[in-house]
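The values are calculated or read from the model by the stated rules, or taken from the named source; none is laboratory data. The structure presented is a predicted model; accordingly, all values stated were derived computationally and were not measured. A quick note on method: Cβ atoms are made from the backbone with ideal geometry, for glycine too, and the neighbour counts reach across all protein chains shown. Ligands, DNA and RNA are excluded from the accessible area calculation, which covers all protein heavy atoms including side chains. Shrake-Rupley method; radii C 1.70, N 1.55, O 1.52, S 1.80 Å.
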Amino acid sequence: MGQKRMLPYHKILVSGARGRLGSVICTRLSADYQIIEHVRGLDLSTVIALHQPDLIIDVTSHINILAHIAIYQRHAIPVIIGTSGISPVDARLVCEATPFPLLIVPNFSMGFKTLIQQAVILSSQYKVSKIIETHHNQKKDSPSGSSLFLADRLDTTIESIRVPRYIAKHEIQFCMEGSLITISHEVTDKSSFIPGILHAIEYISSKPSAQIYYPGS
Ligand SMILES: NC(=O)C1=CN([C@@H]2O[C@H](COP(=O)(O)OP(=O)(O)OC[C@H]3O[C@@H](n4cnc5c(N)ncnc54)[C@H](OP(=O)(O)O)[C@@H]3O)[C@@H](O)[C@H]2O)C=CC1
Ligand SMILES: O=C(O)C1=N[C@H](C(=O)O)C[C@H](O)C1
């Protein structure tokens, strides 16, 4: 009979628990972890002090994320930030000022890391033309968080497109003598974020320093 694997955490607080991504995370993680739901209107610091989670996942909004991070820094509990809208400059400042495990994860989809790796290789041979990011029209921030980090890495511009009933796509165009090369990563099912979230939970349990993190091999 196989032994049950020891889980790295017991009690996970999910801020943004009732949102599109938060609800998928809570459903999946509730099989293995005790989930504390933090929703708008509840004082975040009070909820943390009351429930003493051993890990926090934030999937809320670009408007409040820096204020939430300041609260996490006061409580010094390991935290995974999936919320977009943090600029690469702010992300680096947050990491420098955080002496405990904090992961800023611009994109939980495992394939996104491959997109970055391939883009970096191509950018050494071709001129990067632009990034095009396409998302569902309920998305509140623009450009997407992932495209901000891509643009920072590739030193290029971003075009944003919003479409009803869409999930997410990031494309990078490279140009060469009268032709274009385009590479892209598209999320076709929100469940594709879950393996990356599990990967991030495993990784943060190894107590890394605060960092920008892309799940995947
Ligand atoms: N890293 C990644 O791979 C991914 C990141 N994201 C990012 O995650 C975030 C959430 O996305 P999504 O679930 O689609 O968005 P939703 O708007 O569906 O969900 C966000 C949830 O957070 C709540 N919320 C907003 N502000 C606060 C606050 N101050 N305190 C507590 N709860 C709050 C919202 O409540 P209310 O409805 O009342 O506003 C809502 O329930 C976005 O920044 C998005 O870009 C999304 C997908 C993948
Ligand atoms: O809001 C979304 O949906 C997504 N947000 C993230 C971003 O802004 O980069 C990641 C993914 O593209 C889905």
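A few notes on this one:
- Every residue from region 78-109 that is surrounded by fewer than 19 Cβ atoms within 10 Å (Cβ to Cβ) and assigned to a loop (DSSP other than H, G, I, E, B): S87, A97, T98, P99, F100
- Annotation: of all residues in region 117-140 being part of a loop (DSSP other than H, G, I, E, B) and more than 9 Å from ligand 2 (Cβ to nearest atom), the one that is surrounded by the fewest Cβ atoms within 10 Å (Cβ to Cβ) is S124.
- Answer residue from region 141-175, given it is within 16 Å of S123 (Cβ to Cβ) and assigned to a strand (DSSP E or B) and is nearest to ligand 2 (Cβ to nearest atom) among those: H170
- Only one of P88, P99, P78 that is of a type outside the set (G, A, S), within 16 Å of ligand 2 (Cβ to nearest atom) and either in contact with a Gly (Cβ under 8 Å, 6 or more places away or on another chain) or touching a residue at least 60 places away in the same chain (Cβ under 8 Å) (or both): P88
- Hits in region 177-202 (condition: acidic (D, E) and farther than 27 Å from V79 by Cα): E177
- Complete set of residues in region 45-77 that are aliphatic (A, V, I, L, M), open to solvent by 10 Å² or more (accessible area, probe 1.4 Å) and closer than 17 Å to I12 by Cα: V47, A49, L50, V59, I71, A76, I77
- Every pair of residues 6+ apart whose Cβ atoms lie under 6 Å, when the first sits in region 10-25 and is touching a residue at least 60 places away in the same chain (Cβ under 8 Å) and within 7 Å of ligand 1 (Cβ to nearest atom) while the second is open to solvent by 10 Å² or more (accessible area, probe 1.4 Å) and outside any helix (DSSP H, G or I): G16/V59; G16/T60; L21/V59
- Within region 20-40, the set of residues being within 16 Å of ligand 2 (Cβ to nearest atom), surrounded by fewer than 19 Cβ atoms within 10 Å (Cβ to Cβ) and of a type outside the set (V, I, T) comprises R20, S23.
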